[in-house]
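Enquirer: Sharing a structure with you now.
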Amino acid sequence: LISLTDLKIGDVIAIRAGEIILADGMVVKGEGVVDESSLTGESLPISKAVNSSVMSGTILQNGYIEVKLDAETANSTLQRLNAAMLDVQADKGRYAKLADAFAAYWTPLVIVMTATLVLVGGGVSGMWMDFVHRGLVLLVLACPCAIVIATPIPAICTIVTAAKHGVLVRGSSVVESLSYVDQIAVDKTGTLTKGFFKLNQSLFLTSNGGINSTDSDFEPLLLAASLESKSTHPLASAVVSAQFGCMAEMDEGLLLPIKNVLVIDGVGVSGWVFVESLDDWKFVIIGNERILKANGGKVRPTKAQMDQINAFLEKCSGQTVLMMAVEDEIEMLLALSDEVRPESSQFVNVIQDTLKMTISMLTGDQEMVAKAVTTT
């Protein structure tokens, strides 16, 4: 084991599934899927291959990669964010700074005045104890402690109260400038949206082979959910939840038997699913459009199916679409998106109509995804 501080530019580090990427660099070997939401706000994990750049603080969800460092850990993306957070914590408002500047001059003056009163008054009158008492009274009354302490308290109370309601304020200077604000920018992921995916629409295609869609107990979504239950991808959780409700409370006895599960980096997941009605195992693959080229390119939709698929993709523009093939025949398409919070619309209306402010949305997501959220 070596310390992070011992890592140098040009070193190569191995990152396995579930591990945090420790430093900025370039992928020199392997493939994987990286969750960058904590840094960029991109709700969908990003596929990484050779020559792809990666950032410290992100998480490799699937796959295995080797990264050649192009920045020292002290100057990595994560460390720069930490430095920025420390600057925020040290932030003082304009009025607090003014009070500190006042105290820097007033406090020595008060001490000099007190000493002068005691020495001169006591020396002239000889009543030392009386003038010591008067000097202490002057010191207490003229001390700027009350002003210095009281000045930042309103801002601190505002920050604490906002935090209790789930709002993080950057610092005291932000609180003091709120009365001048006429524009507001809000993050998309986790603010206007819930930060996790939900199944919105589905398209079931007629199979020419594989499993006949007229089988009474054939449920394409059940096949997909059973297979996706073996994956840690956020989209997999959405598929499982769509079939069984809350994934954490799912009854695993409802899942179909699965074997030979394979995570295909940048594509999806494949495996064999047992279908009771046929008393047979069927090969199932679910993922993005790249499943059409996976497994040797055996998944080949008919022209009629491609027309349906293209129409569905156009209809679901701005959403993430998954395809499922059974025995190399496209059976189903699923459209998923980061669910918009139900209170977001009311929040935006209050900002625009009541407070008369301009509101903008910030996101590291794709443009069409952002537009889909704004029209929700």
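The values are calculated or read from the model by the stated rules, or taken from the named source; none is laboratory data. Given the structure is predicted, the values throughout are model-derived calculations rather than measurements. No Cβ is skipped: glycine too gets one built from the backbone with ideal geometry, and neighbour counts run over all protein chains shown. These area figures cover heavy atoms from the full protein model, side chains too; ligands, DNA and RNA do not enter into them. Shrake-Rupley method; radii C 1.70, N 1.55, O 1.52, S 1.80 Å.
Enquirer: Which order, highest average first, do 96-108, 263-275, 50-62, 347-359 follow once you tally other Cβ atoms within 10 Å for each residue and take the mean per peptide? Write down the numbers at each step before the final one.
Expert: On the way: 96-108: 14.2, 263-275: 20.0, 50-62: 18.2, 347-359: 12.2.
Descending mean neighbour count gives 263-275, 50-62, 96-108, 347-359.
Enquirer: Carbon and sulfur together cover what percent of the accessible area of region 76-179 at a 1.4 Å probe radius? Each step should come with its number before you reach the end.
Expert: Numbers: 5340 of 7250 Å².
So the carbon and sulfur contribution to the accessible surface is 74 percent.
Enquirer: Compute the Cα gyration tensor for the chain, then decide on rounded, prolate or oblate, letting a ≥ b ≥ c be the square roots of its eigenvalues: rounded whenever a/c is under 1.5, prolate when a/b is larger than b/c in the other cases, and oblate in all that remain. Don't skip to the answer; put the middle values down first.
Expert: Details: a/c = 3.53, a/b = 2.49, b/c = 1.42.
The shape class here is prolate.
Enquirer: Run through the DSSP bridge list for the chain and note the antiparallel percent, rounded to the nearest 5. Before the final figure, lay out each step's value.
Expert: Working: 53 of 58 bridges.
Bridges in the chain that DSSP calls antiparallel: roughly 90 percent.
Enquirer: Connecting C-alpha atoms closer than 10 Å in a GNM of the chain, tell me which of Gly318, Gly121, Gly287 has the biggest fluctuation.
Expert: Evaluated over the chain, the most mobile residue of the options is Gly121.
Enquirer: On the full set of protein chains, 1.4 Å probe, figure out the accessible area of Glu19 and give it in Å² to the nearest 10.
Expert: Estimated to the nearest 10 Å², Glu19 gives 70 Å².
Enquirer: Probe of 1.4 angstrom, ligands and nucleic acids ignored: what's the accessible area per residue over the chain, in square angstrom? Mind showing how you got there, number by number?
Expert: Details: 21310 Å² over 376 residues.
Value returned for the chain: 57 Å² of accessible area per residue.
Enquirer: For region 45-126, with only Lys/Arg (+1) and Asp/Glu (-1) charged at the beta-carbon, what is the dipole magnitude about the Cα centre, in debye rounded to 20?
Expert: On the way: 6 positive and 6 negative charges, 35 e Å.
Value, rounded to 20: 160 debye.
Enquirer: Could you check which residue among Asp338, Asp251, Asp187 shows the biggest mean-square fluctuation in a GNM of the chain with a 10 Å Cα cutoff?
Expert: Judging by the Gaussian network model, the answer is Asp251.
Enquirer: Quick one: with all protein chains in place, what share of the accessible area of region 272-311 is carbon or sulfur, to the nearest percent (1.4 Å probe)? Could you put the intermediate results ahead of the total?
Expert: On the way: 1180 of 2350 Å².
Carbon with sulfur: 50 percent of the solvent-accessible area.
Enquirer: Helix 94-125 versus the longest principal axis of the chain: what angle, 0 to 90°, nearest 10, using Cα atoms?
Expert: Taking Cα atoms only, the helix is inclined about 20 degrees.
Enquirer: Roughly what angle does helix 303-315 make with the longest principal axis of the chain, taking Cα atoms, 0 to 90 degrees, to the nearest 10?
Expert: Orientation of helix 303-315: about 20 degrees from the principal axis.
Enquirer: About the Cα centre, and with charges only on the beta carbon of Lys, Arg (+1) and Asp, Glu (-1), how big is the dipole of the chain? Nearest 20 debye, please. Please report the intermediate quantities before stating the final value.
Expert: Working: 27 positive and 42 negative charges, 285 e Å.
With Lys and Arg at +1 and Asp and Glu at -1, about 1360 debye.
Enquirer: In the chain, with Lys and Arg counted as +1 and Asp and Glu as -1 at Cβ, which of these residues, Ala370, Ala99, Ala142, has the Cα nearest the positive end of the dipole, that is, farthest along it?
Expert: Ala142
Enquirer: Turning to a different aspect of this structure: I want the local charge near Gly122. Using Cβ-Cβ distances under 13 Å, sum +1 for each Lys or Arg and -1 for each Asp or Glu among the other residues. Before the final figure, lay out the partial values.
Expert: Values: positive: Arg134; negative: Asp130.
Taking every Cβ under 13 Å from that of Gly122, the sum is 0.
Enquirer: I need the fraction of alpha carbon pairs in region 1-125 separated by more than 18 Å, rounded to a whole percent.
Expert: Details: 5032 of 7750 pairs.
Looking at region 1-125, the distances longer than 18 Å represent 65 percent of pairs.
Enquirer: Per the helix-only calculation at 222 nm, which mean residue ellipticity applies to the chain, given -39500 (n - 2.57) for every DSSP H run of n ≥ 4 and division by its residues, nearest 500 deg cm²/dmol?
Expert: Working: 12 runs with 134 residues, N = 376.
Result for the chain: -11000 deg cm²/dmol, rounded to the nearest 500.
Enquirer: For the chain, with the dipole built from +1 on Lys and Arg beta-carbon atoms and -1 on Asp and Glu ones, taken about the Cα centre, which of Phe131, Phe274, Met332 lies farthest toward the positive end?
Expert: Ranked along the dipole, the leading option is Phe131.
Enquirer: A further question on this structure: If I fit a long axis through the Cα atoms of helix 128-142 and take the longest principal axis of the Cα atoms of the chain, what angle between them do I get, 0 to 90°, rounded to 10?
Expert: 30
Enquirer: Using +1 at the C-beta of Lys and Arg and -1 at the C-beta of Asp and Glu, which of Ile264, Gln183, Val350 has the Cα lying farthest in the positive direction of the dipole of the chain?
Expert: It is Gln183.
Enquirer: If you average the alpha carbon positions of region 219-282 and of region 1-60, how far apart do those two centres end up, in angstrom?
Expert: What the calculation gives is 28 Å, centre to centre.
Enquirer: Going Cα to Cα from Lys92, which aspartates and glutamates come in below 14 Å? Please leave out same-chain ones fewer than 8 positions away.
Expert: Partners within reach: Asp100, Glu176.
Enquirer: Could you sort out which of Lys230/Lys298; Lys29/Lys188; Lys259/Lys293; Lys48/Lys188 sit more than 25 Å apart by Cα distance in this structure?
Expert: Numbers: Lys230/Lys298 23 Å; Lys29/Lys188 33 Å; Lys259/Lys293 22 Å; Lys48/Lys188 23 Å.
Checking Cα-Cα distances, Lys29/Lys188 exceed 25 Å.
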